[in-house]
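One structure below.
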Amino acid sequence: MYSCPGCGSQMTFDIAGQQLKCGRCERTMSIIEADELEARQAGSSFSADVLSCPTCGAQIHAVNAAAAAFCSYCGSSVMLEQKKKTEVEAPEKVAPFQITREQCFEKYQDMLKHSFCVDHTLKRDIKPESFRGIYVPYHTYNAWVKGTVELEGNETKGNTTYYYKTEVELNHQYEGILHDASKEMPDELSEKISHVEQKDFMPFSPAYLSGFYADVADTSPNAYIPYARSEAVRKGLEDTMADLNDGLTYQPTASQKQLLKLAKAEYTGDTLVPVWFMSMKSKGRVLYAVQNGVTGDMWADRPLDIPRFALVTAVLAVLLFVIFNMFLTLRPEMAMVVAMLLAVGAQFAVNGRRRTVFNRENRKEAAGKKVDDILEQVKQTTKLAKKAENGSMYATLGSLGVIGAGVALAVGMYLMSSIGNIKVYKIAALVLTAAMAAVTLGSGKKRSSLPWGSIAALIAMAIGCVLLILDPFHSDDRAYYLVTVGIMAAVIWECIDLLRVYNRSCSNPLPQFTSHTGGEDLA
């Protein structure tokens, strides 16, 4: 397909010139000329090679592309097997690549540079050729929303909150609503890189795919009609509330089901969106990075470098210890209670991150059945708009908040260090130990192994309670300090566990496809 008229070599799509170019003699050819040369009619199918990964079974289509030496889905460094040539049904439109591989890699490096303690293997092992150009299929919809909606707003003056109600008329039409057409690709990932302006789409020609890879649609367009309707309602509400411009925060009083009745949507065809796609195997899992080949929007898995992170935090901890030691003298009982508080806080953080991983890897969404919570999306968009409008104020308040929290902590520790009533420490220790037991033992189904760091902290805290209540060593300070050291060692263990769980949440299980005909498993 698309042989050079001059030397007979294959011509591939040149991103910089937006035309076909021969890699040998550098002769160029416009897309229109290429289609005329191939005598191709609009809407007809095109021929592509089907490549399959022997490791995970994923399949991808290639048009004049070089032999693939790695799999974009599971990250395996294996030569993809060429199955056969096949005729692929042509989509209506395609957005050609506007961003080169080198530009993509440069932005990825910049992202890593501004990421705190990111895993150094990403900087060391990822090269420009690690990114593969893939056209991802999307269903396209037009949607309308029309009707009257009641909004409720509120504002607080002093100690009084005032509520207001108003009615607005929705009458909006939206074209080009996109939803990925692949079963395996999670919606939250595709939505991060799906935004493309209508002006960037061109009538489809396989010439745009020459030298690249492509996925094919494998879901029914009708499955995402509810999604298109919900997008029309969400955008209509956001546009209407932005026009009110009265400083109030509004929310619709109608339910999501009632709001969806105001919208209609129709499928208008399939489009291909260009994506630079990177995958890398890491500790039995796979890391991904994707970039929209038109807008440059990028998303990437960025696990932390645990040893480097531990070194940085250890240095900060020593500095804080020196500062506090200069101004505060904590009673041994108080030091132990503070260590218990840190242990409970660390366990809450571990459980929260573990819950995120559990929900992510056990997500069972039927394609097209899920309609995002419109009201929640509108609420979040309103918050983001206010933050953008008052960005400097929020930044100032945030800085003052951090400073205030630090001052409050220092003052609080100073005041508590002077408390001589042992009952206060006993009650605090018992409450914190009970809380630790609850959060440790109550997260069983969301972990694959016993949380030994948390168990060690719980045992040390229980010993601390015994010391406070029974006082077997007659208030010997050394016993309290020894237990405090034990609790802090367990806290460090918990923090390392937290970093591991965080890194797991920044990676993906290795995909396994049995009858895959398109899409990526990024779940």
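The C-beta contact set for the range 203-224 (first residue touching a residue at least 24 places away in the same chain (Cβ under 8 Å) and more than 14 Å from Gln59 (Cα to Cα), second residue of a type in the set (Ser, Thr, Tyr) and part of a loop (DSSP other than H, G, I, E, B), distance under 8 angstrom, 6+ apart or interchain) comprises Ala207/Tyr2; Ser210/Tyr2; Thr219/Ser182.
Within the span defined as the range 356-366, one or more residues are part of a helix (DSSP H, G or I), surrounded by fewer than 13 Cβ atoms within 10 Å (Cβ to Cβ) and either at negative phi or modelled with pLDDT under 60 (or both). Mind listing whichever residues of the range 194-215 are closer than 15 Å to Leu178 by Cα and not basic (Lys, Arg)? Residues satisfying the conditions are Ser194, His195, Val196, Glu197, Gln198, Asp200, Phe201. Taking the residues in the range 239-248 that are under 30 Å from the mean Cα position of the chain (by Cα) and surrounded by 15 or more Cβ atoms within 10 Å (Cβ to Cβ) as candidates, determine which candidate is nearest to His172 (Cα to Cα). Within the range 239-248, the match that is nearest to His172 (Cα to Cα) is Thr240.
Yes or no: the range 57-77 includes at least one residue that is outside any loop (DSSP other than H, G, I, E, B) and farther than 30 Å from Tyr267 by Cβ. No, the conditions are met nowhere in the range 57-77. In this entry, Asp215 passes the filter for residues that are acidic (Asp, Glu) and modelled with pLDDT under 90.
Inside the range 2-40, residues that are buried (at least 17 other Cβ atoms within 10 Å of the Cβ), under 40 Å from the mean Cα position of the chain (by Cα) and assigned to a loop (DSSP other than H, G, I, E, B) make up a count of 2. Taking each residue of the range 160-173 that is on the phi < 0 side of the Ramachandran plot and looking for partners that are among the charged types (D, E, K, R) with beta-carbon atoms closer than 6 Å, six or more apart or interchain, yields Tyr162/Glu155; Lys165/Glu152; Glu167/Glu150; Asn171/Lys146.
The criterion of at least 1 residues that are of a type in the set (A, V, I, L, M), touching a residue at least 60 places away in the same chain (Cβ under 8 Å) and within 22 Å of Val136 (Cβ to Cβ) is met, among strands (runs of 3 or more DSSP E) falling completely within the range 225-300, by 263-282, 285-292, 298-300.
Per-residue answers, yes or no, for (1) of a type outside the set (A, V, I, L, M, F, W, C); (2) modelled with pLDDT under 90; (3) over 30 Å from Ala232 (Cα atoms); (4) outside any loop (DSSP other than H, G, I, E, B):
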{"site": "Leu112", "(1), (2), (3), (4)": "no, no, yes, yes"}
{"site": "Phe116", "(1), (2), (3), (4)": "no, yes, yes, no"}
{"site": "His139", "(1), (2), (3), (4)": "yes, no, no, yes"}
{"site": "Asn142", "(1), (2), (3), (4)": "yes, no, no, yes"}
{"site": "Gly147", "(1), (2), (3), (4)": "yes, no, no, yes"}
{"site": "Leu151", "(1), (2), (3), (4)": "no, yes, no, yes"}
{"site": "Asn154", "(1), (2), (3), (4)": "yes, yes, no, yes"}
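One residue stands out among those in the range 92-108 that are under 10 Å from Gln291 (Cβ atoms) and of a type in the set (Phe, Trp, Tyr): the one that is surrounded by the fewest Cβ atoms within 10 Å (Cβ to Cβ), which is Phe105. Within the range 119-141, is even one residue of a type in the set (Asp, Glu) and surrounded by 19 or more Cβ atoms within 10 Å (Cβ to Cβ)? Yes, because at least one residue in the range 119-141 is of a type in the set (Asp, Glu) and surrounded by 19 or more Cβ atoms within 10 Å (Cβ to Cβ).
With respect to Ser194, is the statement that it is outside any helix (DSSP H, G or I), among the hydroxyl-bearing types (Ser, Thr, Tyr) and either surrounded by fewer than 22 Cβ atoms within 10 Å (Cβ to Cβ) or free of Cβ contacts under 8 Å to residues at least 40 places away in the same chain (or both) true? Yes. For the range 96-110, how many residues are part of a helix (DSSP H, G or I) and either free of Cβ contacts under 8 Å to residues at least 24 places away in the same chain or farther than 20 Å from Ser279 by Cβ (or both)? Count: 3.
Working only within the range 68-87, note down all residues that are under 13 Å from Cys56 (Cβ atoms) and of a type outside the set (A, V, I, L, M, F, W, C). Listed by number, the residues that qualify are Ser72, Tyr73, Gly75, Ser76, Ser77, Glu81. For beta carbons closer than 6 Å, sequence separation of 6+ or different chains, a first residue in the range 18-37 that is of a type in the set (D, E, K, R) and a second that is assigned to a loop (DSSP other than H, G, I, E, B), the qualifying pairs are Arg24/Cys7; Arg24/Ser9; Arg27/Cys4; Arg27/Gly6; Asp35/Ser205.
Restricting the range 307-349 to residues that are among the β-branched types (Val, Ile, Thr), at pLDDT below 80 and assigned to a helix (DSSP H, G or I) leaves a set whose member that is farthest from Arg478 (Cα to Cα) is Thr313.
Whether any residue in the range 82-95 is outside any strand (DSSP E or B), under 30 Å from Ser230 (Cβ atoms) and in contact with a Leu (Cβ under 8 Å, 6 or more places away or on another chain) is what I want to check. Yes: the range 82-95 contains one or more residues that are outside any strand (DSSP E or B), under 30 Å from Ser230 (Cβ atoms) and in contact with a Leu (Cβ under 8 Å, 6 or more places away or on another chain).
The values are calculated or read from the model by the stated rules, or taken from the named source; none is laboratory data. This is a predicted model, so every value here is computed, not measured. We place every Cβ from the backbone using ideal geometry, glycine too, and count neighbours over all the protein chains shown.
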